[in-house]
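This report concerns only the one structure given below.
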There are 4 protein chains.
Amino acid sequence: MVRVGIVGGTGYTGVELLRLLAGHPGVELSVITSRGEAGKPVADLFPNLRGHVNLAFSAPDSQALAACDLVFFATPNGTAMKMVPGLLDAGVRIVDLAADFRIKDPDLWEQWYGMEHACPEVIDEAVYGLPEMNREAVKSARLVANPGCYPTAVTLGLLPLIEQGVIASEGLIADCKSGVSGAGRGASVAMLMGEVGESFKAYGVPGHRHLPEIRQNLSIAAGRQAGLTFVPHLLPIIRGIHATLYGQLQKEVDLQELFETRYKDEPFVDVLPSGAHPETRSVKSVNDCRIAVHRPQNDNVIVVLSVIDNLVKGAAGQAIQNMNLMFGFQEKDGLNAVALLP
Amino acid sequence: MVRVGIVGGTGYTGVELLRLLAGHPGVELSVITSRGEAGKPVADLFPNLRGHVNLAFSAPDSQALAACDLVFFATPNGTAMKMVPGLLDAGVRIVDLAADFRIKDPDLWEQWYGMEHACPEVIDEAVYGLPEMNREAVKSARLVANPGCYPTAVTLGLLPLIEQGVIASEGLIADCKSGVSGAGRGASVAMLMGEVGESFKAYGVPGHRHLPEIRQNLSIAAGRQAGLTFVPHLLPIIRGIHATLYGQLQKEVDLQELFETRYKDEPFVDVLPSGAHPETRSVKSVNDCRIAVHRPQNDNVIVVLSVIDNLVKGAAGQAIQNMNLMFGFQEKDGLNAVALLP
Amino acid sequence: MVRVGIVGGTGYTGVELLRLLAGHPGVELSVITSRGEAGKPVADLFPNLRGHVNLAFSAPDSQALAACDLVFFATPNGTAMKMVPGLLDAGVRIVDLAADFRIKDPDLWEQWYGMEHACPEVIDEAVYGLPEMNREAVKSARLVANPGCYPTAVTLGLLPLIEQGVIASEGLIADCKSGVSGAGRGASVAMLMGEVGESFKAYGVPGHRHLPEIRQNLSIAAGRQAGLTFVPHLLPIIRGIHATLYGQLQKEVDLQELFETRYKDEPFVDVLPSGAHPETRSVKSVNDCRIAVHRPQNDNVIVVLSVIDNLVKGAAGQAIQNMNLMFGFQEKDGLNAVALLP
Amino acid sequence: MVRVGIVGGTGYTGVELLRLLAGHPGVELSVITSRGEAGKPVADLFPNLRGHVNLAFSAPDSQALAACDLVFFATPNGTAMKMVPGLLDAGVRIVDLAADFRIKDPDLWEQWYGMEHACPEVIDEAVYGLPEMNREAVKSARLVANPGCYPTAVTLGLLPLIEQGVIASEGLIADCKSGVSGAGRGASVAMLMGEVGESFKAYGVPGHRHLPEIRQNLSIAAGRQAGLTFVPHLLPIIRGIHATLYGQLQKEVDLQELFETRYKDEPFVDVLPSGAHPETRSVKSVNDCRIAVHRPQNDNVIVVLSVIDNLVKGAAGQAIQNMNLMFGFQEKDGLNAVALLP
């Protein structure tokens, strides 16, 4: 059994890791830390875990974490980078669900995240944990930077088109919509149900931290600098991201075949039949990304629709998929449930 | 492998059976019928099943059903009773998720369901499939009447109190609230999101079909005729039932201990600590019933809070629990997931 | 024009007062205070007010308030009581939307609200502002204690039955459900959409502050001590309270006629036809209380269904109704809109 | 008083017309027709109208309608065109809330709406009722084609940019999101709360009927054929449209000033301060369109955010605004309420 630790287990990605790990055949949950809730049984905070997880939160403790085979960081940005070097030295492998190791350029990271990076020398080693791009590298990685939720949905939606130069790598538009769990479980007025229920809005239009991450992914895929406008919106649902993606056609191909071929061996990417409109609920609670590609009115603008559960393929599920690759499990271990519908 | 058939698979209990059976280690789904959707792959109607269920709907066919070990009826009331005698004769065991065999008194059934019963002689044989009341009888049953959603939540909430005479069996009140999936997947104005979203109301106050069913359960438990006022309400959520139950105390006992003792061996009933308030989301997608018992202001009115997922413990999950008992599976087989929270 | 001030305008009752007062023909909004938002235009915080309210928040200032004819307190419990004596001395009339003056017995108040009352000598003068009970007293009141949201819905639902002794004043049950705006606009984890969306639960079952207020109302109506079990629940909608009320019949009357007669001259109480089920959306945004009375199965338990908008008849609307009575306006001035449906 | 008739009053635009007309100072509601509900009081179907509208539905009757000064058609597409010529001959003025007279090219109309036009000769006379484009023409119109909901939000958002050639009229993208009331009040599986709650999806990507209407508006504004990709999505809220609009900058201007100048005299268009993100709830229940314009990352893609209430500015409110212009009322008569927030 792989001994697993979780740092920062009181947020939504934390409880989601616990939900999914509880059904994983090959892991043993050793430690889950929370400074604020130390001593409290996990199931007292999250009653869905009653009868499934008997652990209590403990104060962060380097030794207990150092005894793990793998540590997940489900912490705010800027926390993992302070502990990662020490854990790597102790031989622990790491999946960081926050953004500390996602951006390869430390200056760019510092500009968008507004703090100094604590271990810029480690960034290079980190593998960006999108298995559909980096499966082999993930397998042997000591440190995986788990992708952001929006970047996962957008990158998977555009990858086949960008890699093959079917659409221009400039002038891309990603109009994205996320459920409220993406904003986390911290107290705030802005995320009260009284504020966000029965309403809809864009946010972060001038600039959102996932923009440089998406641009990095697409630039790698294109082999040249990609240009993108990214507009996130807040959906009055709990789980789900829908990315509506627009690009300028520059090469005639069979779009449906392009997508089906690119993803035919991917266990978690499902290309829908031609003409389909994926619903976020079709991936609620599971690690799948469902994609449909359209060419409306036979015009030159290609439209891709891509949906994920932001807490699963956009966070905890992808982290476990990465763990499965790192430790030689079956890639779907613990991730084989059917989405909850209705 | 137990060969399973489903009659009427296009509603919410049908897709929920499929979601849960897809993860069951001991069954093989042989046939799923739908007159209206015959020929269509199940996963075309319910995209969450893509990659998990490859079957297509077929027209109802006695022979295909007769070749099953077990048939679930996920049909409207009045359908199963026409096919059950023939299937029993063919040696098939049956779990009816509708109401055809729940009420022991055929006259009472006909009065509430507004039609003549097609096989009143079979009713007696049917076992009411609430394992917490009838586990042993279920094991050997040929025909199980799967309980209604409200009756499950209400009965489990009141059972310990009624069985022990702790509260009066007269003057009981069950103020119940159900998510919209309880109304099924039929086209209707009344259940449009534009009609039921952001609103709340009672319905069926003069009389609801689950009233005689609940009364029957409580009367059996009390050993005498029970008296109950039952008021159902429609919640603007998809899944979940919350029963708020009121009874008049007539015997001083340790209420918490009473409930914990009664349910200590029940795999799907979770008695919360004293003072708790169960949330419907704590059982979303799972077969658990979570219960808390209160005595507000130390007064003589006992309040029980009982929550289930109406599509799982209130329908498909309980049906599979019954199947597990009937075929000697572990009672939690296929039903061991963690609730989806948030 | 009546000069009006609002203390504490950043919460939901504050913005609702502003929404309704903007359409009132006889008032001039003079001052609105907020310590935290002083200097900020009201419409910057609440964009719905753009073009309707040009005022900015100001720091609390006794002199500006003393120059008003009427001051509304839309503050947390315990704030108004500190400022009311001074304002009364300055000749200002007051409507307190919080609980400081609702409970006649100061000891009981202190027990439930957990603080010492700052001016117990003023409590006696305060008129409980439920016009359906105290219309004449409100007209000449200097200080009105605006009722709580649950007490409004419950009291109006039970009043005709209790006043006439039609049901017993003991053993009453009020099973109430409220939208999330009732919890206010303060930052909290508990009221995040991720926590309360798509879920339902009871809360405060051991004891809720509205219990003594409801009991006081019903005891006055009964002419003797009333006994009540009150269980509030949290609805995943923004606005609306639904009270489901149960009482034991002790006198045969025509229930429908009883209610219609009691409320025939009430501008804001609408008795629905026999057999109806009021929806909370039928009163969304308006000051009406809609009520239906049932006697299920011709049994002896009477069921009353009562709905209000918790921010209107349950708070700001009723406050303006009281103001209308105090200043000789038409009772419906500013309160004559049609509910928003759908 | 202007005598007003409504044809087809059982849908959401019908009840919304009634809600708004009930507060209009200058109209008298004479007749409201519904074949299916003839004889039933309007307030029986829509309880929010109790105490405000005493009319009953009547069967469609040419004579009663011919006695009106104005008739609103709140009917499915293809109904108004059969009755309009006769009513015009009778001297009645008409506002059609459906699509029968919106598209100037009858062939294009027939292609998108799949039926033959009953009176193509009348199309030319119809004035497209977007007051911000055609105010003067509306004033004297006999027949007004009330714009679609999406076209209203999109056109108002792009108008200043297109009219001045600030963005290219080709390659425009309109990523639009609508609440469920836009789909009407007809019984359907697709719009059940169990189907659309807690989910999000695009629909009609290959082609939606509002595409030619938007294209027509933008082409008129541009003075040349405009090119547009239009992707509508279904939001799990009841009311509200959010249009996120993308265009390629081709002329440097002060964008904020451009919008403020264009709309400074418009009573129902509110240009938000620079950097703002309008929420749909800020226009819930009112006739306003709130707009913000962005230039993210100082790049060449301009992003406009435009919100309306689809039932008000997107339907009934705009129809009344048009009526106000046609009959010389103040343009805000009956339309001056404050949006419902929260």
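Values quoted throughout were computed directly from the atomic coordinates according to the rules given, and no laboratory measurement underlies them. As the structure is a computational prediction, the values presented were derived from the model and not from experiment. Heads up, the Cβs are rebuilt from the backbone with ideal geometry, glycines too, and the neighbour counts pull from every protein chain shown.
Long-range amide H contacts for C:Arg3: which residues qualify at under 5 Å (H placed 1.01 Å from N, peptide plane, sequence gap of 5 or more or a different chain)?
Placed amide hydrogens put C:Glu28, C:Asp69, C:Leu70 under 5 Å from C:Arg3.
If you take each beta carbon of peptide B:273-282 and count the beta carbons of other chains within 10 angstrom, what is the mean?
Average per residue, whole number: 6.
If Lys and Arg each add +1 and Asp and Glu each add -1, what is the summed charge of the other residues whose beta carbon sits under 13 Å from the beta carbon of D:Val31?
-2
Distance between the C-alpha centers of the stretch B:270-342 and the stretch B:160-204? Whole Å please.
For the stretch B:270-342 versus the stretch B:160-204, the Cα centre distance is 16 Å.
If we count every other residue with Cβ under 12 angstrom of D:Gly9's Cβ, Lys/Arg +1 and Asp/Glu -1, where does the sum land?
Details: positive: D:Arg19, D:Arg35, D:Lys40, D:Arg185; negative: D:Glu16, D:Glu37.
Cβ neighbours under 12 Å give a net charge of +2.
Note down the net charge around C:Asp69, summing +1 for each Lys or Arg and -1 for each Asp or Glu among other residues with Cβ under 10 Å from its Cβ. Write out the running numbers ahead of the final one.
Numbers: positive: C:Arg3, C:Arg93; negative: C:Glu28.
Taking every other residue near C:Asp69 into account, the sum is +1.
Based only on Cα atoms, what mean projected area does the convex hull of the protein assembly as shown have, in nm²? Write out the running numbers ahead of the final one.
Details: hull surface 196.8 nm².
It is 49.2 nm².
Determine the principal axes of the Cα atoms in the stretch D:19-90, then give the extent along each, sorted from largest to smallest and rounded to whole angstroms.
Over the stretch D:19-90, Cα extents along the principal axes are 35, 29, 21 Å.
Can you list the residues, at least 5 places off or on another chain, whose amide H is less than 5 Å from the amide H of C:Lys40, using H built in the peptide plane?
Result for C:Lys40 returns C:Phe57.
Please compute the contact order of chain A in relative form: average sequence separation of alpha-carbon pairs under 8 Å and at least six residues apart, divided by the residue count, as a percent. Write out the running numbers ahead of the final one.
Values: 745 pairs, mean separation 59.5, N = 342.
Worked out over chain A, it gives 17 percent.
For the stretch C:1-156, give the share of DSSP beta bridges that are antiparallel, in percent and rounded to the nearest 5; count only bridges with both residues there. Intermediate values should be presented prior to the final figure.
On the way: 1 of 21 bridges.
Around 5 percent antiparallel, to the nearest 5.
If you bin the C-alpha pair distances of chain C every 20 Å from 0, what whole percents do you get?
32, 60, 9, 0
Would the stretch D:72-220 count as rounded, prolate or oblate if I go by the C-alpha gyration tensor, calling it rounded below 1.5 in a/c and otherwise prolate when a/b exceeds b/c, oblate otherwise? Don't skip to the end; give the middle numbers.
Numbers: a/c = 1.87, a/b = 1.16, b/c = 1.61.
Oblate.
Convert each backbone phi in the stretch D:172-188 into a coupling constant with the Karplus relation 6.51 cos²θ - 1.76 cosθ + 1.60 (shift: θ = phi - 60°), then list the ³J(HN,Hα) values in order as whole Hz, x for Gly and Pro.
6, 10, 10, 9, 10, 10, 10, x, 6, 5, x, 8, x, 10, x, 4, 6
Averaged over its residues, how many other protein chain Cβ atoms are within 10 Å of peptide C:185-192's Cβ atoms? Don't skip to the answer; put the middle values down first.
Numbers: counts 5, 3, 7, 4, 6, 2, 7, 17.
Average neighbour count from other chains, rounded to a whole number: 6.
Specify the angular offset, from 0 to 90 degrees and rounded to the nearest 10, of the alpha carbon long axis of helix C:12-21 from the longest principal axis of the alpha carbons in chain C.
That helix lies at roughly 80 degrees to the long axis.
What residues qualify as long-range amide H neighbours of D:Val269, i.e. H under 5 Å apart, gap of 5 or more or another chain, H built at 1.01 Å from N?
D:Cys289
Give me B:Leu17, D:Leu341 sorted ascending by neighbouring Cβ count inside 10 Å, so fewest comes first.
Working: B:Leu17 28, D:Leu341 23.
Ascending Cβ contact count within 10 Å gives the list D:Leu341, B:Leu17.
Distances from C:Gly207 to the same position in the other copies: list them in nm, one decimal, shortest first, using label points 7 Å from Cα along Cα→Cβ.
4.3, 5.5, 7.0
For a bin width of 10 Å, list the pair-distance distribution of the stretch D:149-310 built from all Cα-Cα distances, rounded to whole %.
Calculated P(r), rounded to whole percents: 11, 40, 35, 12, 2.
Relative contact order (percent) for the stretch B:149-310, with alpha-carbon contacts under 8 angstrom and 6 or more residues of separation?
Numbers: 336 pairs, mean separation 50.8, N = 162.
It comes to 31 percent, rounded to a whole number.
May I ask you to sort B:Ser140, A:Ser274 by Cβ crowding, counting other Cβ atoms within 10 Å and putting the fewest first?
Working: B:Ser140 10, A:Ser274 16.
Ascending number of Cβ neighbours within 10 Å: B:Ser140, A:Ser274.
Given the rotation relating C and B, tell me which residue in C puts its Cβ closest to the axis and the distance in Å.
Nearest Cβ to the rotation axis, residue and whole-Å distance: C:Asp175, 2.
Which of the residue pairs C:Lys201/C:Lys284; A:Lys177/B:Lys332; C:Lys40/D:Lys313; C:Lys264/C:Lys332 have a Cα-Cα distance greater than 27 Å in the structure shown? Show your work: numbers first, answer last.
On the way: C:Lys201/C:Lys284 22 Å; A:Lys177/B:Lys332 37 Å; C:Lys40/D:Lys313 29 Å; C:Lys264/C:Lys332 15 Å.
Flagged as over cut-off: A:Lys177/B:Lys332; C:Lys40/D:Lys313.
Full extension from A:Lys82 to A:Asn54: what is 0.36 nm times the residue separation minus their Cα-Cα distance, to one decimal in nm?
Details: separation 28, 0.36 × 28 = 10.08 nm, distance 2.85 nm.
My answer for the length gained is 7.2 nm.
Tell me, what HN-Hα J-couplings in whole Hz come from the Karplus equation 6.51 cos²θ - 1.76 cosθ + 1.60 at θ = phi - 60° for each residue of the stretch D:250-258, using x for Gly and Pro?
After applying 6.51 cos²θ - 1.76 cosθ + 1.60, I find 9, 8, 6, 9, 7, 5, 4, 5, 4 Hz.
I need to check one value: relative contact order of the stretch D:121-189, counting alpha carbon pairs closer than 8 Å and at least 6 residues apart, in percent. All intermediate terms of the calculation are to be shown ahead of the outcome.
Numbers: 38 pairs, mean separation 15.0, N = 69.
Relative contact order comes out at 22 percent.
Sorted from fewest to most neighbouring beta carbons within 10 Å, what does the list B:Asp288, C:Asp124, D:Asp105, B:Asp270 look like?
On the way: B:Asp288 27, C:Asp124 9, D:Asp105 12, B:Asp270 19.
By the 10 Å Cβ count, ascending: C:Asp124, D:Asp105, B:Asp270, B:Asp288.
What nm distances, shortest first, do you get from the label point of C:Lys264 to those in the other copies when the point sits 7 angstrom along Cα to Cβ?
6.0, 6.3, 8.1
Suppose you put the label 7 Å out from Cα in the Cβ direction; list, shortest first and in nm with one decimal, how far D:Leu108 is from each other copy's label.
Label-point distances to the other copies, shortest first: 4.3, 6.7, 7.1 nm.
Can you tell me which of B:211-221, D:193-203 comes out highest on packing, and rank the rest after it, using the mean Cβ neighbours within 10 Å? Display every interim value, and only then the final one.
Numbers: B:211-221: 21.5, D:193-203: 23.5.
The most tightly packed comes first, giving D:193-203, B:211-221.
Give the distance, in whole Å, between the Cα centre of the stretch B:76-135 and the Cα centre of the stretch A:108-136.
Result: 62 Å between the Cα centres.
Can you work out the Karplus-derived ³J(HN,Hα) for every residue in the stretch D:87-92? Use 6.51 cos²θ - 1.76 cosθ + 1.60 with θ = phi - 60°, whole Hz, and x for glycine or proline.
5, 4, 4, 7, x, 8
Evaluate Rg over Rh across the stretch A:2-125, taking Cα atoms for both radii and Kirkwood's formula for Rh. Spell out each step's value before the answer.
Numbers: Rg = 14.8 Å, Rh = 15.0 Å.
So for the stretch A:2-125, dividing Rg by the Kirkwood Rh gives 0.99.
Highest mean first, what order results for C:3-9, D:63-69, D:146-152, D:26-32 on Cβ atoms within 10 Å? Display every interim value, and only then the final one.
Details: C:3-9: 24.3, D:63-69: 16.9, D:146-152: 28.1, D:26-32: 20.0.
Sorting C:3-9, D:63-69, D:146-152, D:26-32 by mean packing, highest first, produces D:146-152, C:3-9, D:26-32, D:63-69.
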